[in-house]
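A quick write-up on the structure given underneath.
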Amino acid sequence: MSGSSPGRPAEVTDWLEHPSDDFFGSTGVPPCAVPVKPLKGSSGRGRGQKQKDLSPVPENSKAKAPPRKRAKPCAVDLPRATSRQNRSRAQDELPWVERYKPETQNDLAVQKKKIEEVETWLKTHIFQRQTKQGGSVLLLTGPPGCGKTATLQILAKDLGLQVQEWTNPLSLDFTKEDLRSMFDHDSNFHTFPSQAQAALFQDFLLRANKYNKLQMLGESSENDKKLILIEDIPNQFYREPGSLHDILRRFVRTSRCPLVFIISDNFSGDSSQRSLFPTEIVEELCIFNISFKPVAQTNMMKVLNRIAAAEASMNREKNYTLDRTSLELLCRGCSGDIRSAINSLQFSSMKDWSLEKEFWSKKKKSSTIKYEEAGVSKVQKKSRHDTSEDQEIQAIGGKDASIFLFHALGKIIYCKREAVSEAESPQLPGHLSKHHRDTLLIQPEGIVEKSHKSGSIFNLYLHQNYVDFFSDIDDVVRASEYLSTADVLCSNWSTRLVMENYSASVATRGVIHSNTSRAFAHQQGGMGFRPLHKPQWFLISKKYQENCLAAKSLFSSFCLPPECLQTELLPYLAMLTNPMRNQAQIAFIQDVGRLPLKRHFGRLKLEALGDKDPGVPELFCCDGDGADGDPEGLPLPSSQSSGSDLPGSQPQPIAAQAILEEEELKIEEYDSD
Ligand SMILES: Nc1ncnc2c1ncn2[C@@H]1O[C@H](COP(=O)(O)OP(=O)(O)OP(=O)(O)O)[C@@H](O)[C@H]1O
């Protein structure tokens, strides 16, 4: 270790001579890790690094050189029996999701239709590529743990495709200058090289698209078909989706192999799919979207049964075998996430987990006793599980059971009920018999909570949509009264946060109870699917706020509050004939001060609510700190532009110019002094 041997490469000598170089002071090559996960089969190293590795290293210096990576334990060096034991121990220690991972399409707990859709797309875009025009980008979406990745991996294996996957670098190859400026007090970390992430990604995509993997000794060269998989999306693209779009445009022009993105749905409202792949880009680049559903309970049960049986036959002394009721409870607690279900199964089967054991045995006892006592039918048993027990199971190892607003609204509006016998439920006195309903199978407050929307936003959606599901005008009147009450409960901003929950409860239960056409289980069929829409309130409120600001600034000399300006002064000014001083004022008077009696005043067009819509329209998604927002978190307009940024789908406010051209304007001068 004393000196450098004559044949030793410079990098080794440097390392030995400056072992404790300080972080910023050294002059060597940056010590960071290789940023991009190597393409399978390629060397996976940067150009410079590759050159260094290729330089001849003498035997003796090799021994002294610091290892670049920790050497993997090599099975070949060990006696055979030990290596077999190790392997089976390693297999034992694997989490069950890994140990029982699906090997064939039949093992997959995913809907067959979805597997076929992905397979057909892959075949079309890989094997019939010559005839295909345009880019080949596939977007797989769906809730976490529904088997998107597992499906793609199995199909790739079956079709003999190599998968080249991008993994976000853990650390980037910073130069010392980068580091120095990053940690500089004045820099506020602004110089963090996030741009480099996008550049690395682009570089990866270009290389993966252009080059085949290196052919290893013994590998056949017959199949060089491949796909590029992106599951780990660089953070930079969430901040600047435009940079991803540019890279994709370039990729699509030169693409030789398909590109597959896997994105999991999230329920928090900041839909990554929507921001990364807006409709314009999907259309422009012909991106094909296949949306997976949560794993069905029957499929989930099959997988859990299979695993439980396999474990029971192998590891009786270590694990409990859960019975069918426990497995069913487990399935329901996992909201269609097979990964979470298998993990929960593993934990709850372990004998060491005494608490879990207690839980399961209690669970089992209580459910058996309950049903035995009640003597209820199997169907009834199932539906009751859905309500009360689901909530209990969520608390223990269960998965967050969020639902999209679309489904939450559907549950309230369609309000499933179950017929109960007179013996089971107490009867109402005669004078209240009109309020008798079958038992509700949902818990409205729970549904609102799972939708992750505030009570007032949920009420807005309900208000917009409930009428289509009613058939009696008296019912509509009652429901609207409940909605008005709910509105009043939220009207005081200082108590709004607390009252919102009560308000949502009044609104949802009020609407459900008022709808006599869905009061009994036997009436529930035949409604069919009806689309849901976004509240018009968002646009109207935005327009109102803008008008208030515009009125205040254009007619400030009148010193009147905006409501008074718009409802009293402007209608009066609109009737005078002398022109006002400026065009903006005239336009505003025409827009706000006159009801457009002559022209056709179209209602705002309704915007459909998609099944994965986050619920708050883009026009209200503020990315700042919300400093200029109102107490509900909805931003106030920042300019006076009246209606200029209403979406194209909406009727635009009457343009002053058009009015001036079409009608003879008579506006009198009005002196405010
Ligand atoms: N029968 C099965 N079908 C599907 N996946 C299974 C099955 N059995 C075990 N698994 C395991 O469950 C996990 C499913 O996760 P997968 O990564 O495919 O989900 P995903 O939809 O891509 O979600 P995420 O985006 O959260 O990764 C995998 O680890 C897979 O090996």
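The modelled label-to-label distance between LEU497 and TYR544, using points 7 Å beyond Cα along the C-beta direction, is 2.4 nm. Close amide-amide hydrogen proximity is noted between GLU607 and LYS534, each under 5 Å apart and 5 or more residues distant or on a separate chain (H modeled in the peptide plane; Pro and chain starts excluded). Taking amide H positions as placed 1.01 Å from N in the peptide plane, with prolines and chain starts having none, which residues 5 or more places from ARG417, or on another chain, fall under 5 Å of its amide H? For ARG417, whose amide H was placed from the backbone, the distant partners under 5 Å are LEU441.
Structure note, pairs LYS123/LYS225; LYS101/LYS123; LYS123/LYS293; LYS411/LYS605; LYS552/LYS605: Cα-Cα distances above 18 angstrom occur for LYS101/LYS123; LYS123/LYS293; LYS411/LYS605; LYS552/LYS605.
For segment 405-523, the per residue solvent-accessible surface stands at 52 Å², with DNA, RNA and ligands left out and a 1.4 Å probe. Each peptide in 298-306, 340-348 receives the mean, over its residues, of other Cβ atoms within 10 Å, and ordering these scores from highest gives 340-348, 298-306.
Shown for segment 249-312: the carbon plus sulfur share of the solvent-accessible area, taken with all protein chains present and a 1.4 angstrom probe, equals 55%.
Annotation: average projected area of segment 405-523 is 7.8 square nanometres, based on the convex hull of Cα atoms across all directions.
With a Förster radius of 51 Å applied to the beta-carbon distance between ARG207 and LEU432, the computed FRET efficiency rounds to 0.10. Give me the accessible area of THR104, 1.4 Å probe, in Å² rounded to the nearest 10. Here the accessible area works out near 60 Å².
For segment 522-591, the extents of the C-alpha atoms along the principal axes are 66, 22, 19 Å, listed from largest to smallest. Between SER484 and GLU422, the C-beta separation translates, for a Förster distance of 41 Å, into a calculated FRET efficiency of about 0.75. Beyond 29 Å in Cα-Cα separation lie the following of the pairs LYS226/LYS302; LYS148/LYS542; LYS302/LYS453; LYS114/LYS450; LYS113/LYS453: LYS226/LYS302; LYS148/LYS542; LYS302/LYS453; LYS113/LYS453. For ASP438, neighbours were defined as the other residues whose beta-carbon sits under 10 Å from its Cβ, and their charges (Lys and Arg +1, Asp and Glu -1) total +3.
Taking 1 over the mean of 1/r across every pair of different Cα atoms in segment 231-311, what Kirkwood radius in Å do you get? Can you show the working numbers first?
Working: mean 1/r = 0.0649 Å⁻¹.
Answer for segment 231-311: a Kirkwood hydrodynamic radius of 15.4 Å.
Applying 1/(1 + (r/R0)^6) with r as the Cβ-Cβ distance of ASP232 and ASP323 and R0 = 35 angstrom yields a FRET efficiency of 0.35.
Would you mind putting 141-147, 426-432 in packing order, based on average other-beta-carbon counts within 10 Å, highest first?
Averaged packing, sorted descending, gives the order 141-147, 426-432.
The values are calculated or read from the model by the stated rules, or taken from the named source; none is laboratory data. All values derive from a computational prediction rather than experimental measurement. FYI the Cβ positions are ideal-geometry reconstructions off the backbone, even for glycines, and counts take in every protein chain you see. Each accessible area value is taken on the protein alone, full model and side chains, heavy atoms only, with ligands, DNA and RNA left out. Shrake-Rupley method; radii C 1.70, N 1.55, O 1.52, S 1.80 Å.
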